[in-house]
Each structure stands twice: as structure tokens, then as C-alpha cells.
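Participant: Sharing a structure with you now.
The values are calculated or read from the model by the stated rules, or taken from the named source; none is laboratory data. This one's a predicted model, so the numbers in the text were calculated from it and none came from an experiment. When the accessible area is computed, the model is the full protein with side chains, heavy atoms only, and any ligands, DNA or RNA have been set aside. Shrake-Rupley method; radii C 1.70, N 1.55, O 1.52, S 1.80 Å.
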Amino acid sequence: MTSPAPEDVDVVLPCLNEAEALPWVLDRVPPGWRALVVDNGSTDGSGDIARALGATVVDEPRRGFGAACHAGLTAATAGIVCFCDCDASLDPALLVPFVREVRDGSADLVLGRRRPQGRGAWPAHARAGNLALSLMLRRRTGLRLHDLGPLRAARRASLLALDLTDRRSGYPLQMVVRAADADWHITEHDVPYLPRSGASKVTGTWRGTWQAVRDMSRVLAEAPTRPATAVAPSRGGSRR
């Protein structure tokens, strides 16, 4: 099967002080795909490093993981948009089969299920929080997902039509919840999860994990929505 056309894919990379990880991450973006590094107020020169390495840099001064992700989404122009953390914990090259799945219509949203590689890749408290949220997501939507990780791919127009509003840690979950409400077909695949480069901004501490869980709990409390324009173009029917 042929690879996606280069101009069809943008990769959103939310970035806050990731100078150490950027060279590896950008080197792993598939050839021809556009890397959109969203500088979320870095003080270590991340934006300049990304530009020097050939990435398109989007400045988003408003702090928050969701704010950075959404700034990248709105700046994207490709038909398919991917998301990946910028801390070297996930390999952007793993997105190639995700994109292929979206392009051929077998899925509307493809997620990576993180499988930790080595000690320290995924702290116990972060895994516990993720498990709790996955169970709450199942009760809310019926989706039998195991992870709400950041590695994902979908069509840009369909993502924009979801009208995502969370600008903090709840953004990835809100995307899944609203996609499920719109009857998207959602799939999940195992991906290796490496120890991140540098200090974690969210799940590296109990406090950060609790804040993320609190943000996501608010998303789960939203009333179900079914925006008519948000159904992805390939086909309906969520994986349940």
C-alpha cells in the first residue's frame, strides 16, 4: 500500500521547554509531512531550535496543553492532522499506519495505546489516573478504550467541526468524547512509550496527575452532544 501524499499530513507538536527532545522528535517526523511545533511559552529557546530544524512554529502564549493542541489544529492546512507529544516519549514515525487507516476510511480517529518501555516511562500514579479515566469514559460513551494518550490522527475538517473548547488537560479526552457522540469509528493500537526527555509538566507528579484527572472529569460531565457537521467523512459507528 502506498504512503500518504506528503502534503496531506500535518503533525501538531505541543511544546513547552523541549529543547533537548526536539532534534530527535523532528528527525522522526515522516519525510514530507509538516511539523507544526506549537511553542507554549518556552524559555529554553525551543521555538528557535524548531525553526532551525525546519519546523513551522506556531506561538501560543496562553498556557495549557489544550491551548497548544488547538492552536496547532487551527494552524494546520493538511487534510489529515496528527498529534504527538514533543518530549521524545513517542515516536512520530508510528503515525504512518494511523494516517493510512484514516485515509482508507477504516477509522475516523486513531489513537495510540501507550505501552511503557523501561522503568520510569509511565509513573504508577499516571497509569492509575489513566485507568480511572478510561473506565469513566466507558461508562459515559460505551467506548472500550485502554488509553487516552496523545498520539492520534484524524481528518482536520472533522476535528474542527467537533468545536472543542477545553484548553487544559481535558482536550484529548474531549476530542474522544465528542467524536463518540458524533458516531465516529474510533480505533486504538499499541505503541511503545519511552521515558520522556526532561521533566514532565503534567503527569510527573501526583499534583499534576490530579489536576489532569479533574480537568478530564469536567469533560466527562458534559451533556452528550451530536453536532450534525461533526461526523467524519469516512463512515459512522464508533468502536464500542
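Participant: If you stretched the chain out fully between ASP27 and LEU131, how much longer would it get, using 0.36 nm times the residue separation minus the C-alpha to C-alpha distance?
Facilitator: Extending this stretch completely gives an extra 34.3 nm.
Participant: Which of rounded, prolate or oblate describes the stretch 127-172 when judged by the alpha-carbon gyration tensor and an a/c cut-off of 1.5?
Facilitator: prolate
Participant: I've got another one for you. Note down the relative contact order for the stretch 5-108 as a percent, whole number, built from C-alpha pairs under 8 angstrom at least six residues apart.
Facilitator: 35 percent
Participant: When a/c reaches 1.5 or more, the comparison of a/b and b/c decides; with that in mind, is the stretch 44-182 rounded, prolate or oblate per its Cα gyration tensor?
Facilitator: Rounded, because the longest to shortest axis ratio a/c is under 1.5.
Participant: Also, I was wondering about something else. Might you tell me the accessible area per residue for the stretch 30-168, computed with a 1.4 Å probe and given in Å²?
Facilitator: 39 Å²
Participant: By the gyration tensor of its Cα atoms, with a ≥ b ≥ c the square roots of the eigenvalues, what is the shape of the stretch 1-75: rounded for a/c under 1.5, prolate for a/b over b/c, or oblate?
Facilitator: In terms of gyration-tensor shape, oblate.
Participant: Amide H of GLY41 versus every other amide H placed in the peptide plane: which residues, excluding those fewer than 5 positions away on the same chain, fall under 5 Å?
Facilitator: Residues meeting the amide H criterion: GLU60.
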